[in-house]
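Nothing in this text is a laboratory measurement; each read-out follows from the coordinates by a stated rule. Keep in mind that what you see is a predicted model, and the values were worked out from it rather than measured. Cβ placement follows ideal geometry from the backbone for every residue including glycine, while neighbour counts extend to all protein chains displayed.
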Amino acid sequence: MVLMFKIFKNGWLDIFAALKGYELAGVLGWQDIRQRYRRSSLGPFWLTISMGVLIGALGLVFGNLFASPMKEFLPFLTIGLILWTLITTAVNEGCTGFTAAEAMIKQISLPLFTHILRVLWRNLIIFAHNLVVFPLILLVFGVPLPATALLAIVGLVLLILNLSWMMLLLGVFCTRYRDVPQIITNLLQVCFYLTPIIWMPNLLPKRASILLLHANPFFHLIEIVRAPLLGTLPSALSWQVGIVLAIAGWVFTIIFYGRFRSRIAYWL
Amino acid sequence: MTNILINNLCVEFPIYNSTTGRSLKNHLMQAVTGGLMGSNEQGHVVVKALHNICLDLKEGDRLGVLGHNGAGKSTLLRVISGVYAPIGGSIVVNGKVTSLIGLSLGMDSEATGIENIYLRGALLGFNRSWLSSKVKEIVDFAGIGDFIEMPLRTYSTGMQMRLAFSIATMQQPEILVMDEWLTVGDADFQEKAQQRLQEIISKTSILVIATHSPELVERVCNKMIRLERGALIAA
């Protein structure tokens with residue numbers, strides 16, 4: 001028990017130091033974006049455009065395929081796709097967070113969580129650019145932003161809390177086992193189709209919905225942000241899953257991280 | 001009170017992508033340079049980069065670390081910088097360690113000189129407001145002039161190094177870690193740089209420098225160790 005506490009503290013101290021030095025993660029994250037779009041006249045707004053094009057194309061195909069009314073389907077698809085992009089790129093890039101920072105880790109002693117924080121920040125910046133599409137879609141269809149939208153901020157914070165432990169946990173694991181990032185990429189691809197993003201949950205037959213919706217953590221994590229933005233309240237179950245997952249995930253991750261943090265430099 | 005206390009320090013690197021044959025292992029054991037190879041309890045191939053190193057450095061100490069390529073000099077410096085945690089033994093470092101190794105790490109060739117000052121500065125742990133107050137001083141010292149607003153890729157190699165050196169030596173370190181003596185830039189700059197380096201080194205509380213030159217150790221250091229294949233053979 002005492003040992004467990006020591007390990008927990010070891011992990012927590014690194015994370016705390018990284019949060020305290022958030023400025024560095026911020027600088028590095030911005031730098032990544034700048035580097036990607038240097039000398040491009042639109043810069044990161046290319047992301048907004050690509051997202052808009054993708055949503056337009058998917059909306060056209062699937063909206064017609066499922067015969068959903070566009071006014072309802074397109075806002076649903078837009079916010080779902082934007083959130084999923086955040087989830088999948090953050091988790092995938094989290095997997096390689098430490099391996100990509102190899103040169104830095106081997107040269108400078110920084111709190112290692114800084115490298116994960118950098119990836120998270122970079123993806124939040126991209127998310128903010130993608131998010132621009134959502135109000136545009138609402139505007140096109142003349143749908144007002146519902147009053148419940150404020151609640152989406154709480155949901156987003158909860159989603160980010162969950163993403164960050166997943167990124168850290170997988171980052172450590174993937175540094176040791178280099179096949180895991182590929183496995184994660186594939187799993188996330190499967191989750192994309194299992195989670196209601198390009199199809200609406202009301203299309204499901206009653207019995208399938210229990211499995212595909214309630215047992216799918218990604219459904220709940222998306223729902224706590226998406227539902228308030230679309231004018232409904234997420235179910236109590238979704239909130240519970242989000243909160244329990246964040247707490248349990250972080251406690252486990254901090255212990256895991258505390259145990260293996262000092263090995264990361266050796267695994268690179 | 002700055003000090004470094006190293007007790008029975010061991011560092012070994014697991015090599016996961018080596019096909020572990022005993023014969024191969026035995027074969028490699030006879031290699032002349034590099035750390036010792038062996039295997040750990042889990043049966044992984046490991047390179048024993050450092051073993052049973054003991055050191056006690058106090059304020060005012062200047063330690064020269066001699067040894068062949070692969071003797072463990074850089075690994076020792078990295079352990080002192082806090083990059084590698086000891087596998088066995090212990091290390092206690094009281095004081096902030098600054099490393100003058102990899103001066104241009106993290107610089108972006110597409111970013112301007114100014115942007116690079118903030119980028120490198122952040123990596124060195126300088127905060128933004130302190131840096132902004134020092135930008136002029138850094139630019140002047142590096143002698144970059146108006147080029148500071150240009151992307152780094154337009155700089156000559158010498159100019160890049162001058163800028164990197166100027167940023168890294170802006171702050172007086174407590175514990176300074178170096179790999180060989182630094183020489184940067186052309187004749188004019190070298191003189192300036194040497195002066196600043198001398199000044200920093202004279203004020204730093206503890207210096208650890210890895211080198212191949214016994215003359216350098218003679219000139220700068222009051223303590224010397226020699227590493228061979230990860231072990232301390234002379235102190």
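Could you give the distance between the Cα centres of the range A:213-227 and the range B:91-108, to the whole Å? Each part reduced to its Cα centre gives a spacing of 44 Å.
Scanning chain A for DSSP H helices at least 27 Å long along the axis (C-alpha atoms) with a Kyte-Doolittle mean no lower than 1.6 picks out A:45-65, A:151-176.
Normalised by the number of residues in chain A, the average gap of Cα pairs under 8 Å and 6 or more apart makes the relative contact order 30 percent. For the range A:200-265, the square roots of the Cα gyration tensor eigenvalues, ordered a ≥ b ≥ c, give a/c of at least 1.5 with a/b greater than b/c, which places it in the prolate category.
Quick one: putting +1 on the C-beta of Lys and Arg, -1 on the C-beta of Asp and Glu, what dipole do you get for the range B:113-204 around its Cα centre, in Debye to the nearest 20? Don't skip to the end; give the middle numbers.
Working: 9 positive and 12 negative charges, 55 e Å.
Dipole of the range B:113-204, to the nearest 20 debye: 260 debye.
Each 20 Å bin, from zero up to the one with the longest distance, holds this percent of the alpha carbon pairs of the protein assembly as shown: 19, 46, 28, 7, 0.
Which order results if B:Asp146, B:Asp186, B:Asp179, A:Asp14 are arranged by neighbouring Cβ count within 10 Å, fewest first? Kindly include the intermediate steps, with their values, before the conclusion.
Numbers: B:Asp146 8, B:Asp186 12, B:Asp179 17, A:Asp14 21.
Lowest count first: B:Asp146, B:Asp186, B:Asp179, A:Asp14.
With loop membership from DSSP and a limit of 16 other Cβ atoms within 10 Å, the longest segment of chain A without chymotrypsin sites (Phe, Trp or Tyr not before Pro) is A:67-176.
Summing -39500 (n - 2.57) over the DSSP H runs of n ≥ 4 in chain A and dividing by its residue number, what mean residue ellipticity at 222 nm do you reach, to the nearest 500 deg cm²/dmol? When only DSSP H runs of four or more count, the value is -25000 deg cm²/dmol. All C-alpha pair distances within chain A, sorted into 10 Å bins from zero, spread as 7, 27, 34, 22, 9, 1, 0 percent across the bins. Between helix B:187-203 and chain B there is an angle of about 60 degrees, using the helix long axis and the longest principal axis of the Cα atoms.
Can you put B:Val47, A:Val2 in order of Cβ neighbours within 10 angstrom, beginning with the fewest? Present the calculation step by step, with values, prior to reporting the outcome.
Numbers: B:Val47 20, A:Val2 6.
The fewest-first ordering by Cβ neighbours comes to A:Val2, B:Val47.
The residues A:Thr253, A:Thr78, when put in order of fewest to most other Cβ atoms within 10 Å, stand as A:Thr253, A:Thr78.
For the range B:113-204, the calculated P(r) over all alpha carbon pairs, in 10 Å bins from 0 to the bin holding the longest distance, is 16, 50, 32, 2 percent. Within the shell defined by Cβ-Cβ distances under 15 Å, the residues around A:Leu117 carry a net charge of 0, with Lys and Arg each +1 and Asp and Glu each -1.
Relative to the longest principal axis of the Cα atoms of chain B, the long axis of helix B:128-142 lies at roughly 80 degrees.
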